[in-house]
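Working notes for the structure below.
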Amino acid sequence: MDEFLYATGTFPAVLFTAALVVVVGFWLLVLAGAADPEVFDADLDADALHLGGAPVAVSGSLFVALAWFLTVSGSVLATRTGWPAGTVHVLDVAVLLAALYGAWRLTRALVRPLARLLPGEPGPSRHDFTGLTCVVRTGRVDGGFGQAEVTARDGSTALVQVRQAPPAGPEEPLAHGSTGLLYAYDEAGEFFWVAPFDPALNPRRPQPPLG
């Protein structure tokens, strides 16, 4: 035990001992709900070191833990070979470089299967269609029936269930080919509320060239 504790507090393992304390503290905050495991993803790019596929915090924490383990193991082995302890020697630098390379390779190997267990980017939601225009594909739309085709912002199309509230004025109910505006989504009924919309007011409509 004394040999292990000495190795954790001397070069090169001491470099990663301090980092490991920070990593453990960070994940304790994550468990307590006080930190976001993806907080570093906007500022750092794990792909730059080929450590992508998982949040930067996961890849970085794994790298630090592996580097710490390898430097401690290397220091203990070096001491047992009779290498003098207490000062920085060439063998200590070699242990550090070998640990960095080994931790990088092991992290690359572990991140890929680990990424499959982590939730990916959130998929498209029906709520993303709210505020978009659609084209009615059924003969009528009323309070209990109707379908329309909507084009998402990424260019993909979908056929959705739509319902129209009873007109409060003289406006006519939507019919096949009419343009409507999806203004709300009903979770219980799994349909969109739609209202008539003038295609000329659509900001996404291609504009004629000037001149």
Open item on the list: For SER178, what residues show an amide H to amide H distance below 5 Å, using hydrogens built from the backbone and excluding near sequence neighbours?
Closed with: VAL136
TODO: Place the peptides 6-12, 155-161 in order of packing, highest mean first, counting for every residue the other Cβ atoms within 10 Å and averaging per peptide.
DONE: 6-12, 155-161
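If Rh is defined by the Kirkwood formula over all Cα pairs and Rg also comes from Cα, what ratio Rg/Rh do you get for the stretch 126-199?
Working: Rg = 11.2 Å, Rh = 12.0 Å.
Radius of gyration relative to Kirkwood radius: 0.93.
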Task: Distant-in-sequence amide H partners of TRP193 (H built 1.01 Å from N, under 5 Å) - done: ARG163, TYR183, ALA184, TYR185, ASP186
Task: Amide H contacts under 5 Å for GLY146, placed H, 5+ residues apart - done: VAL162
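Expected output is a single nm value to one decimal: the length gained when fully extending between THR157 and ARG140, i.e. 0.36 nm times separation in residues minus the C-alpha distance. What is it?
On the way: separation 17, 0.36 × 17 = 6.12 nm, distance 2.03 nm.
Length difference between fully extended and current span is 4.1 nm.
Averaging sequence separations of C-alpha pairs under 8 Å and six or more residues apart, then dividing by the length of the stretch 126-199, give the relative contact order as a whole percent. It would help to have the intermediate numbers written out before the result.
Numbers: 174 pairs, mean separation 24.8, N = 74.
Relative contact order of the stretch 126-199: 33 percent.
Read the figures in this text as sums done on the coordinates, not as results from a lab. Fair warning: this is a prediction, and the values are worked out from it, not measured in the lab. Reconstructed Cβ throughout: ideal geometry from the backbone, glycine too, with neighbour counts over all protein chains shown.
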